[in-house]
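Chemist: Structure incoming, see below.
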Amino acid sequence: MKALKILTIIASLASGDVLAGETGPMPAPPAAHSFTVGALRVTALRDSVNVVANDGSVFGKDVGSNAVAALLRGVGLRTDRILLSVDALLVRSDTTVVLIDTGLGPAIPGSLGASLAEAGVKPEDISTVLITHVHGDHIGGLITADGNSVFRNAEIKIANPDWIWLQKQPEMKQLSSAISHQVKVFDPGEDVAAGITSVPIAGHTPGHVGYMITSKGESLLDIGDTAHSSIISLIEPEWTMGYDNDAEGGKSSRRRILNELSQSRQLVFAPHFPFPGVGWIERENGHFKWLPKR
Ligand SMILES: [Zn+2]
């Protein structure tokens with residue numbers, strides 16, 4: 001059954017369509033897409049795919065599913081669900097191997113481990129794990145199915161407000177206990193690794209951050225969950241997003257960051273945009289649009 005489901009998802013991803021009636025996080029084939037930022041070797045890694053029902057609970061919570069359907073119809077997409085990629089980012093220098101976010105982990109199971117292997121990296125090679133925020137699709141891959149830490153040689157860096165919040169969640173107890181000896185907290189805005197600075201982006205979770213990666217005059221911003229859909233979140237950034245803890249905070253951050261990115265022409269990695277999720281934000285008629293890097 002699981003093999004059949006994976007094959008169906010592969011076919012679905014290839015055709016741009018998804019399995020009728022299926023929603024929620026699903027397996028996706030491994031993929032690793034490498035490029036350079038200055039002297040750094042950067043790789044987008046596929047973990048899984050999240051099929052979100054257009055039922056008014058996630059996208060356009062304040063405007064309703066009919067408005068979301070009209071937007072999707074307007075750009076020629078199916079109106080009953082939204083397909084989100086779930087990806088992570090690897091940043092390698094001569095001396096460090098940094099992984100930003102870890103996918104959904106054993107619950108699906110996610111393909112992050114296989115994608116890392118495609119990039120020639122073993123879990124024990126990772127020197128630092130950076131977390132954008134502590135939602136399951138970003139931290140699930142920190143532990144194995146039997147609850148052990150996956151990246152056992154790594155420091156795991158989490159913004160202090162999110163680490164406090166994570167430890168208060170009873171259902172995350174196994175995960176937070178398994179990694180606690182590796183966790184190093186930071187304040188949003190601090191430098192977290194060589195060439196990598198955390199960027200406070202409030203609203204999605206208490207300590208949600210992006211990461212600015214800089215080397216030799218080039219840069220890439222991992223925007224975390226500032227925007228989830230390369231279509232809806234950019235055309236209507238002020239529609240309420242059901243995944244944002246603080247809906248108003250999420251909207252104003254989304255508007256502000258998209259504005260800044262469209263003006264600065266900053267290269268972006270967006271973990272939920274179509275794989276590999278690398279490109280630019282452009283302004284168009286008072287809205288925004290995604291320009292993928294080819
Ligand atoms: Zn997410």
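The values are calculated or read from the model by the stated rules, or taken from the named source; none is laboratory data. Predicted model only: the values in this text are computed from it and were never measured. A quick note on method: Cβ atoms are made from the backbone with ideal geometry, for glycine too, and the neighbour counts reach across all protein chains shown.
Chemist: Just to be sure I understand, how many residues within segment 134-182 are farther than 23 Å from residue 122 by Cβ and in contact with a helix residue (DSSP H, G or I) (Cβ under 7 Å, 6 or more places away or on another chain)?
Modeler: 5
Chemist: Name the pairs whose Cβ atoms lie under 6 Å apart, with the first residue in segment 120-137 and among the acidic types (Asp, Glu), the second modelled with pLDDT of 95 or more, and 6 or more positions between them or separate chains?
Modeler: Correct list of pairs: 124/153; 125/97; 137/86; 137/104.
Yes or no, residue by residue, for (1) in contact with a strand residue (DSSP E or B) (Cβ under 9 Å, 6 or more places away or on another chain); (2) at pLDDT 95 or above; (3) within 16 Å of the ligand (Cβ to nearest atom):
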{"position": "116", "(1), (2), (3)": "yes, yes, no"}
{"position": "120", "(1), (2), (3)": "yes, yes, no"}
{"position": "135", "(1), (2), (3)": "no, yes, yes"}
{"position": "153", "(1), (2), (3)": "no, yes, no"}
{"position": "158", "(1), (2), (3)": "yes, yes, yes"}
{"position": "183", "(1), (2), (3)": "yes, yes, no"}
{"position": "189", "(1), (2), (3)": "yes, yes, no"}
{"position": "197", "(1), (2), (3)": "yes, yes, no"}
{"position": "215", "(1), (2), (3)": "yes, yes, no"}
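Chemist: Any residue that is within 15 Å of the ligand (Cβ to nearest atom) and farther than 22 Å from residue 63 by Cα - is there at least one of those in segment 249-264? Can you show your working first?
Modeler: Residues of segment 249-264 within 15 Å of the ligand (Cβ to nearest atom): 250, 253-254.
Adding the requirement that they be farther than 22 Å from residue 63 by Cα leaves none.
No: zero hits.
Chemist: Do any residues in segment 84-107 that are more than 11 Å from the ligand (Cβ to nearest atom) have Cβ atoms under 6 Å from those of residues that are among the aromatic types (Phe, Trp, Tyr), where the two are at least six apart or on different chains, and which pairs are they?
Modeler: From segment 84-107, the pairs are 89/269; 100/211.
Chemist: Right, something else. Just need a number here: residues in segment 255-289 that are surrounded by 20 or more Cβ atoms within 10 Å (Cβ to Cβ) and closer than 21 Å to residue 69 by Cβ.
Modeler: 3
Chemist: Could you run through segment 99-135 and say how many residues are of a type in the set (A, V, I, L, M), crowded, with 22+ Cβ neighbours inside 10 Å and within 26 Å of residue 244 (Cα to Cα)?
Modeler: Looking only at that region, the number is 9.
Chemist: Please report, ordered by residue number, the strands (runs of 3 or more DSSP E) entirely within segment 138-230 with at least 1 residues that are among the small types (Gly, Ala, Ser) and surrounded by fewer than 22 Cβ atoms within 10 Å (Cβ to Cβ).
Modeler: Working: elements: 155-159, 183-186, 191-193, 196-200, 209-215, 218-222.
Fully inside segment 138-230 and qualifying: 191-193, 209-215, 218-222.
Chemist: Pick out the one residue from 65, 48 that is within 16 Å of the ligand (Cβ to nearest atom) and either in contact with an Asp or Glu (Cβ under 6 Å, 6 or more places away or on another chain) or of a type in the set (Gly, Ala, Ser) (or both). Before the answer, list the steps.
Modeler: Details: 65 fails: within 16 Å of the ligand (Cβ to nearest atom).
Going through 65, 48 in turn, just one is within 16 Å of the ligand (Cβ to nearest atom) and either in contact with an Asp or Glu (Cβ under 6 Å, 6 or more places away or on another chain) or of a type in the set (Gly, Ala, Ser) (or both): 48.
Chemist: Same structure, new question: How many of the residues making up segment 248-294 are of a type outside the set (Gly, Ala, Ser) and not in a loop (DSSP other than H, G, I, E, B)?
Modeler: Here is the first cut: in segment 248-294, the ones of a type outside the set (Gly, Ala, Ser) are 248, 251, 254-261, 263, 265-269, 271-276, 278, 280-285, 287-294.
Keeping just the survivors that are not in a loop (DSSP other than H, G, I, E, B) gives 248, 251, 254-261, 263, 268-269, 278, 280-284, 287-292.
Looking only at that region, the number is 25.
Chemist: Which residues, counting only those in segment 218-276, are basic (Lys, Arg) and under 25 Å from residue 39 (Cα atoms)? Don't jump to the end; show me each part of the working.
Modeler: Step one: filter segment 218-276 for residues basic (Lys, Arg), giving 251, 254-256, 265.
Across segment 218-276, the qualifying residue is only 265.
Chemist: Next question. Among the residues of segment 231-247, which ones are within 16 Å of residue 50 (Cβ to Cβ) and either of a type in the set (Val, Ile, Thr) or not in a loop (DSSP other than H, G, I, E, B) (or both)?
Modeler: If we filter segment 231-247 for residues that are within 16 Å of residue 50 (Cβ to Cβ), which is where we start, we get 231-233, 241-244.
The answer is 231, 232, 233.
Chemist: Also, quick follow-up: What do you reckon, is residue 96 under 22 Å from residue 142 (Cα atoms), in contact with a Ser or Thr (Cβ under 9 Å, 6 or more places away or on another chain) and among the β-branched types (Val, Ile, Thr)?
Modeler: yes
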